[in-house]
Structure formats: C-alpha cells, structure tokens
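The values are calculated or read from the model by the stated rules, or taken from the named source; none is laboratory data. The model shown is predicted, which means the values in this text are computed figures rather than measured ones. Ideal geometry is used to build each Cβ from the backbone, glycine not excepted, and the neighbour counts take in all protein chains shown.
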C-alpha cells in the first residue's frame with residue numbers, strides 16, 4: 001500500500017467524490033475498480049459505483065456491494081446477449097452487432113442514464129473502465145473524466161490499426177451524430193470522442209516494460225497489475241493437491257467458452273496424468289460438470305493464488321488478471337483467447353517466453369495436449385514466468401492508480417474554490 005500521508009499532506013488534504021462506471025459484466029474490469037476504490041476510500045475520499053442490474057446472473061456488480069460501496073443504477077451495453085450470439089455464430093454475430101448497436105448498446109439511453117447518475121452524485125471525477133460512454137456523459141455534465149484500459153487494447157483505437165479506422169468510421173457516420181444531438185439538447189459544446197479519450201488521464205494496469213504504450217494518448221500511465229484474489233473459501237478437494245499428482249489450473253474468466261472447452265477436451269485430458277482444477281465462475285452447466293472425467297475438480301470460485309501455488313501450468317482465456325495471478329506464482333500458461341483483446345494479451349506471454357496460445361474456436365484437443373505437455377516439460381517457460389513473479393507481487397498498481405485519480409479529482413475540486 002502507498003505510504004501514509006505526512007502531517008503536511010493531511011493539512012492540504014481535500015476529500016473528493018469519485019464515481020466509477022466499471023463494465024459490470026466483466027470480472028476483471030469490476031475487480032480492479034474495486035481495488036482502486038478501496039485505496040481511495042482508505043485515504044478519506046468518497047467513492048460511488050454505478051452500473052446495470054447486480055442481480056443479473058452474468059453481473060459482477062454484487063462484488064461492489066460486498067465491498068461496501070454505494071451502487072446506483074446506470075444502463076450498460078447488454079454484453080450477455082452479445083456473448084451468447086458470439087458463442088453460437090462467431091464473427092458473423094459481431095458484424096451484425098456492430099451494425100445493430102441500438103438493440104444491445106443504445107448510446108443515447110446509456111449516456112443519458114450515466115449523465116443522470118453524475119447529476120445525482122455530483123462527483124469531482126468520473127472514471128470509466130472499458131466504458132467509453134462515461135467520458136461523453138462526464139463532458140455532458142461538465143465534469144472531468146479518466147479511463148482504465150490496458151495499453152495493448154488502446155492500440156486498437158490508434159492508427160495504423162485497422163480497428164481504429166473501423167471505429168473511426170462507425171463513430172463518424174453513426175455515433176458522433178447521436179452525441180452531438182445530446183450535447184445540443186443539454187447546451188454543451190460538441191467534443192470528438194477520440195479527442196476526449198486521447199487527452200484524459202488513462203491508466204493501464206500492466207507491468208511496465210512488457211510493451212510500449214500507444215503514443216497518441218497524451219496522459220497514459222502504466223501503473224502495474226491490479227489482480228487481487230477473490231474472497232472465496234477453499235474448495236473441499238484442496239487437500240488433494242499435495243498428493244504428488246501434477247495439477248493444472250483452468251480458468252476462463254467471465255468471457256471464456258468454458259462449456260465448449262470442456263466438452264471438446266474431456267476425451268483427451270482424461271487420459272493425461274494430471275489433475276485439472278477448474279474455477280467455473282458459474283459458466284459450466286451441471287450436465288457438463290457431471291460428465292467430467294475422474295481427474296477433474298470443480299468449484300465456482302476460489303482464491304486463484306492458492307490454487308496456482310500447487311499448479312504446474314494454467315489453461316486460461318487470455319484474460320489480463322488471470323495472467324498476472326499466474327505470473328505472481330511463477331506459473332507458465334497456455335491461452336485460449338476468444339476475442340481480439342485476449343489474443344493481444346496472450347501474445348505478451350508468447351513474446352516474453354512464459355506462455356503459449358491457441359485459438360478457442362475450432363479447438364484441436366490433440367494439439368492442446370501437445371502444447372500442454374510442452375509447457376510443462378520445457379523448464380524455460382516456468383523460468384520465464386519466475387523472472388517476472390517478484391515484480392508482479394511487489395507491484396502497487398492500485399495505489400499508483402489511486403494517485404492518478406486523486407490528482408485529477410483534486411485539481412478539478414480546486415477550480416471550484
């Protein structure tokens with residue numbers, strides 16, 4: 001944790017009110033906002049969260065309430081529907097969703113919902129985690145904003161990436177008109193969404209040195225990983241992990257294709273001399289778990305660090321938080337990324353020698369077996385992970401992120417007198 005305030009700091013201290021809009025459907029985005037918010041709360045600031053229905057089975061916002069933060073309703077894109085279509089139809093669904101945003105991500109309703117919360121809370125800073133509409137809502141309300149986004153993902157929004165030109169075209173010919181009408185309605189000057197993004201404080205929760213941040217962003221800082229353990233009990237089979245059988249940890253986060261993965265790989269993984277520890281996050285159906293081979297163990301949630309302390313390798317979806325948990329334990333990993341951002345994160349492991357990757361779609365179980373054996377039997381992968389483990393464990397990502405947000409909120413508060 002950051003060092004306590006000095007007496008001089010305490011005299012200058014002005015508590016701020018900070019409003020977070022995490023993407024509440026995604027575990028990693030929700031959890032890292034909570035960790036930053038805990039630091040800000042400890043320093044005396046008021047922190048409020050806003051997001052969609054925490055009772056929805058796909059929502060992770062119940063973690064906000066369990067951490068003791070106020071949670072207000074604000075509409076979010078309906079990602080569960082998008083994921084369900086993508087699982088069935090693949091990239092064909094993605095193209096359909098991009099053209100039909102109004103059905104699952106109605107920008108006007110989302111921004112107005114977020115604007116209403118900002119007016120209610122009257123924050124000194126609005127923070128959006130993978131919620132780009134939050135910066136538009138903050139501009140509408142005349143409040144500064146900041147963002148949390150992994151720097152490798154932000155490259156998708158900078159040229160010469162093809163995704164930048166696709167996003168620019170979508171914004172130019174559809175989204176900018178929606179925002180402009182809102183700005184006129186509320187008497188605010190028009191602002192280009194990309195300009196807001198490039199100019200506001202941006203936080204990348206990654207280990208410095210793993211890759212370069214995109215240069216177009218003017219205030220981007222890499223603060224270090226923010227990947228805490230979930231507060232969950234140890235599974236009933238935990239004591240088995242010390243019986244000498246090699247353990248493989250499987251986690252697909254909140255956006256992986258766990259049922260598909262398990263059905264595809266059971267016949268091959270059943271014959272391997274490994275135990276597979278699976279945290280499902282509620283994604284595995286009862287019938288799929290009932291069909292599991294004898295060398296599989298399941299639990300809905302568990303402290304990842306405890307399982308990784310007994311693991312020879314990790315199979316995962318390419319998620320950022322899972323990667324850093326494995327690195328902290330010095331465990332090599334095989335990524336099965338589902339979407340493009342996960343592929344970018346998985347490529348970091350390939351580049352630095354602590355991981356391998358395979359596509360999740362069209363998964364070849366026999367190739368998976370060969371890659372898994374390679375990962376375990378070649379000591380170079382574990383050695384590469386162990387080289388980074390101390391830096392990950394000693395990182396103060398949440399504290400450094402809190403410093404940035406605190407500075408931005410305090411600067412705005414001073415302008416108010």
*asked:* From the list 142, 177, exactly one residue is under 17 Å from residue 18 (Cα atoms), over 23 Å from the mean Cα position of the chain (by Cα), surrounded by fewer than 14 Cβ atoms within 10 Å (Cβ to Cβ) and in the same structural domain as residue 27 (by TED's automatic domain parsing). Which is it?
replied: 142
*Sole exception among (1) out of contact with any helix residue (DSSP H, G or I) (no Cβ under 7 Å at 6 or more places or on another chain); (2) modelled with pLDDT under 95 for residue 82, by number*: (1)
_Just the residues that are crowded, with 19+ Cβ neighbours inside 10 Å and touching a helix residue (DSSP H, G or I) at 6+ places or on another chain (Cβ under 7 Å), please, taken from segment 299-309._
304, 308
*asked:* Quick check on segment 132-156: of everything there that is assigned to a loop (DSSP other than H, G, I, E, B) and under 21 Å from residue 189 (Cα atoms), which residue is modelled with the lowest pLDDT?
replied: 132
*Residue list for segment 319-335, restricted to those being part of a loop (DSSP other than H, G, I, E, B) and surrounded by 24 or more Cβ atoms within 10 Å (Cβ to Cβ)*: 319, 331, 332
*If you check residue 363 against the conditions, is it touching a helix residue (DSSP H, G or I) at 6+ places or on another chain (Cβ under 7 Å) and either crowded, with 21+ Cβ neighbours inside 10 Å or not in a helix (DSSP H, G or I) (or both)?*
yes
*Which residue, of 401, 390, 384, is out of contact with any strand residue (DSSP E or B) (no Cβ under 8 Å at 6 or more places or on another chain) and surrounded by 14 or more Cβ atoms within 10 Å (Cβ to Cβ)?*
384
*Could you count how many residues in segment 58-78 are touching a helix residue (DSSP H, G or I) at 6+ places or on another chain (Cβ under 8 Å) and more than 23 Å from residue 16 (Cα to Cα)?*
6
*Within the set of pairs 6+ apart or on separate chains, which have a first residue in segment 168-196 that is more than 22 Å from residue 155 (Cα to Cα), a second that is outside any helix (DSSP H, G or I), and C-beta atoms under 6 Å apart?*
180/190; 183/190
*Within segment 299-309, is even one residue outside any helix (DSSP H, G or I), out of contact with any strand residue (DSSP E or B) (no Cβ under 8 Å at 6 or more places or on another chain) and free of Cβ contacts under 8 Å to residues at least 40 places away in the same chain?*
yes
*Here are 209, 281: which of them is at pLDDT below 95, more than 23 Å from residue 132 (Cα to Cα), part of a loop (DSSP other than H, G, I, E, B) and over 17 Å from the mean Cα position of the chain (by Cα)?*
209
*Filter segment 230-269 for residues that are outside the structural domain of residue 336 (by TED's automatic domain parsing) and within 30 Å of residue 85 (Cα to Cα) and give the result.*
230
_residue 388 vs. criteria assigned to a helix (DSSP H, G or I), over 20 Å from residue 150 (Cβ atoms), touching a helix residue (DSSP H, G or I) at 6+ places or on another chain (Cβ under 7 Å) and in the same structural domain as residue 263 (by TED's automatic domain parsing)_ = no
